[in-house]
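Participant: Sharing a structure with you now.
The values are calculated or read from the model by the stated rules, or taken from the named source; none is laboratory data. This is a predicted model, so every value here is computed, not measured. Heads up, the Cβs are rebuilt from the backbone with ideal geometry, glycines too, and the neighbour counts pull from every protein chain shown. For the accessible areas, the whole protein counts, side chains as well, though only heavy atoms, and no ligand, DNA or RNA atoms are used. Shrake-Rupley method; radii C 1.70, N 1.55, O 1.52, S 1.80 Å.
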Amino acid sequence: MKEIRRKTLAAASALTLGIGLAVAGGSAPAASAAGAESTFLVLAPQGAKADKAAARVTAARGTVVARYDQIGVLVVRSTNPDFATAVAGAGVESVASTAGLGSALDEGETVEVSAPAVANVTADPTAEPLYGQQWDMPMIDVPQAHAVNAGSPDVVVGVLDSGISSTHPDLASQIARDKSTSCVGGVVDTTEAAWNPTTSDHGTHVAGTIAAAVNGVGVTGIAPGVKVAAVKVVNDDGFIYPEAAVCGFVWAADHGMQVTNNSYYIDPWEFNCRNDARQRPVWQAVQRAIRYSANKGVLNIASAGNSNVDLQHKTVDTGSPNNGTPETREINSACLDLPAEAPGVLTVSAVGPTGEKSYYSSYGQGVVDVTAPGGDSRFRTQGARSTTTDQILSTTFNTVTRTNGWGYKQGTSMSGPHATGVAALAVSAHPGMNPGQLAAFLENTAVAKPCPTGVYNPVPALGSAYDATCTGGARNGFYGAGMVNAYNVVR
């Protein structure tokens with residue numbers, strides 16, 4: 001299964017971005033003929049109520065479909081082709097059309113395994129039928145952790161992803177149904193069908209790594225005692241639009257979640273530049289949502305990405321946007337991979353079975369905070385091919401046959417939930433930590449990993465395609481503070 005970028009493999013039609021910045025004052029232009037309906041994010045000034053912005057939306061022939069007054073953001077739909085200009089004025093700081101801003105979820109391939117025989121139910125995670133194929137669990141000392149604390153049901157983890165199968169035998173008892181929702185379109189829908197997966201099993205796989213039950217069926221999760229909430233942000237075409245991400249962060253904050261897992265990036269641009277007029281309003285809205293959630297006690301954990309990019313030294317982006325013809329752009333520190341590089345977010349790189357950086361994993365000193373198992377099916381050691389079993393085994397859902405199962409995936413999408421599961425154990429064992437304290441605790445209990453010497457390349461025979469250089473000492477660009485450790489956070 002190949003996952004070089006988090007969400008760049010799914011094809012998408014080229015769409016016009018149509019983003020404009022609102023300016024204060026001025027009157028609305030004459031009405032234009034109706035066009036195709038578009039979705040917009042309309043931002044009130046920071047800290048201000050959104051009432052004036054909502055009134056301007058109505059005057060500009062738009063409809064507010066969701067209000068996030070907590071952060072001064074409105075999700076709006078309009079057929080007015082001049083909406084972005086017409087809505088400008090007092091009470092509106094900025095506006096962005098999100099047409100064409102969806103980032104396709106990089107599914108890769110799910111390699112399914114045969115249904116395991118049901119084992120006798122014990123409290124021992126190693127007794128689960130498929131545990132023998134979960135090399136990632138002993139790597140971070142999960143069995144030792146479970147002997148001390150397997151997680152508290154008072155802890156709820158938000159899985160911002162493609163939904164979670166509510167009928168999966170390893171997950172049915174683990175889902176906080178009263179805290180689950182769909183945020184697709186930026187609009188909350190709490191019906192169970194809405195937050196179940198429709199075209200992707202990515203979220204089901206992530207949820208299993210975090211909290212699959214120790215029940216004699218299938219696999220074990222890192223924190224099987226906690227609950228997971230499905231917060232669906234991926235639409236049926238496999239895209240994550242900014243309004244869905246904003247909705248997801250705010251929902252998690254307002255429904256008592258202590259941790260969220262975010263295995264995606266927002267925008268068709270891998271790097272969202274605050275100094276780009278097309279992107280700044282989206283950056284502002286997402287950053288407001290992340291800051292709000294942190295202030296409400298949520299630690300947001302994000303994957304570093306699968307482009308083997310040094311996030312500390314970004315110079316050129318040649319692969320964005322991923323929903324049209326890519327542009328070659330010079331980029332700098334004002335251009336961020338969201339949510340991975342947003343302030344206050346814990347960022348996770350990936351390693352394979354040997355503990356070395358996975359060939360695809362992005363990295364960067366000062367960006368990566370910790371590392372965790374994400375799988376590496378291409379190379380196990382220098383020059384030696386590996387197998388599917390070097391990926392991460394977890395719960396799956398076949399969206400064609402509508403059946404539950406187990407299977408392998410790899411990517412920083414898989415390393416992120418390992419860190420999230422460890423964070424859930426930490427909160428269970430030591431309740432009361434705020435997000436900053438929890439992030440620091442995960443880093444301080446991680447097992448330090450030194451940089452490899454020289455230029456890192458898993459297989460030199462293939463040339464420089466996977467070259468990467470690690471910088472730093474005990475805390476470095478490949479592994480941050482080190483490998484997360486489940487036992488260290490509970491003992």
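Participant: Restricting to the stretch 109-139, name every residue that is in contact with a His (Cβ under 8 Å, 6 or more places away or on another chain) and of a type in the set (Asp, Glu).
Facilitator: The answer is 124, 136.
Residues are listed down the side, and each one gets a yes or a no for (1) of a type in the set (S, T, N, Q); (2) modelled with pLDDT under 95:
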| site | (1), (2) |
| --- | --- |
| 99 | no, yes |
| 110 | yes, yes |
| 113 | no, yes |
| 127 | no, no |
| 142 | no, no |
| 182 | yes, no |
| 195 | no, no |
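Participant: Let me ask something else. When you scan the stretch 380-395, do you find a residue that is farther than 20 Å from residue 111 by Cβ and in a loop (DSSP other than H, G, I, E, B), even just one?
Facilitator: Within the stretch 380-395 (the criterion being farther than 20 Å from residue 111 by Cβ and in a loop (DSSP other than H, G, I, E, B)), the answer is yes, since at least one residue qualifies.
Participant: Restricting to the stretch 413-450, and then to whatever is of a type in the set (Ser, Thr, Tyr) and either more than 26 Å from residue 115 (Cα to Cα) or not in a helix (DSSP H, G or I) (or both), can you tell me which residue is least open to solvent (accessible area, probe 1.4 Å)?
Facilitator: Only one residue fits best here, namely 420.
Participant: Sticking with this one: Going through the stretch 46-63 one residue at a time, which ones are open to solvent by 50 Å² or more (accessible area, probe 1.4 Å) and either in contact with a Leu (Cβ under 6 Å, 6 or more places away or on another chain) or modelled with pLDDT of 95 or more (or both)?
Facilitator: 51, 52, 55, 56, 58, 59, 61, 63
Participant: Okay, next question. Could you figure out which of (1) free of Cβ contacts under 8 Å to residues at least 60 places away in the same chain; (2) among the small types (Gly, Ala, Ser); (3) crowded, with 20+ Cβ neighbours inside 10 Å isn't true of residue 212?
Facilitator: Just one mismatch for residue 212, condition (1).
Participant: For the stretch 123-135, which positions are in a loop (DSSP other than H, G, I, E, B) and open to solvent by less than 30 Å² (accessible area, probe 1.4 Å)?
Facilitator: Hits for the stretch 123-135 are 128, 130, 134.
Participant: For the stretch 299-322, indicate whether the set of residues that are of a type in the set (Val, Ile, Thr) and buried (at least 24 other Cβ atoms within 10 Å of the Cβ) is non-empty.
Facilitator: yes
Participant: If you don't mind, another one. Can you spot a residue in the stretch 180-199 that is surrounded by fewer than 21 Cβ atoms within 10 Å (Cβ to Cβ) and either of a type in the set (Asp, Glu) or part of a strand (DSSP E or B) (or both)?
Facilitator: Checking the stretch 180-199: at least one residue is surrounded by fewer than 21 Cβ atoms within 10 Å (Cβ to Cβ) and either of a type in the set (Asp, Glu) or part of a strand (DSSP E or B) (or both).
Matching residues to (1) open to solvent by less than 10 Å² (accessible area, probe 1.4 Å); (2) under 20 Å from residue 413 (Cα atoms); (3) without any contact (Cβ under 8 Å) to a residue 60 or more places away in the chain; (4) in a strand (DSSP E or B):
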| position | (1), (2), (3), (4) |
| --- | --- |
| 89 | yes, no, no, no |
| 95 | yes, no, no, yes |
| 101 | yes, no, no, no |
| 109 | no, yes, no, no |
| 117 | no, no, yes, no |
| 121 | no, no, no, no |
| 137 | yes, yes, no, no |
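Participant: Determine if the stretch 341-353 includes at least one residue that is at pLDDT 75 or above, in a loop (DSSP other than H, G, I, E, B) and of a type in the set (A, V, I, L, M).
Facilitator: Checked against the condition, which is being at pLDDT 75 or above, in a loop (DSSP other than H, G, I, E, B) and of a type in the set (A, V, I, L, M), the stretch 341-353 yields at least one hit.
Participant: Among what's in the stretch 451-491 and is of a type in the set (Phe, Trp, Tyr), modelled with pLDDT of 95 or more and part of a loop (DSSP other than H, G, I, E, B), pick the residue that is surrounded by the fewest Cβ atoms within 10 Å (Cβ to Cβ).
Facilitator: 478
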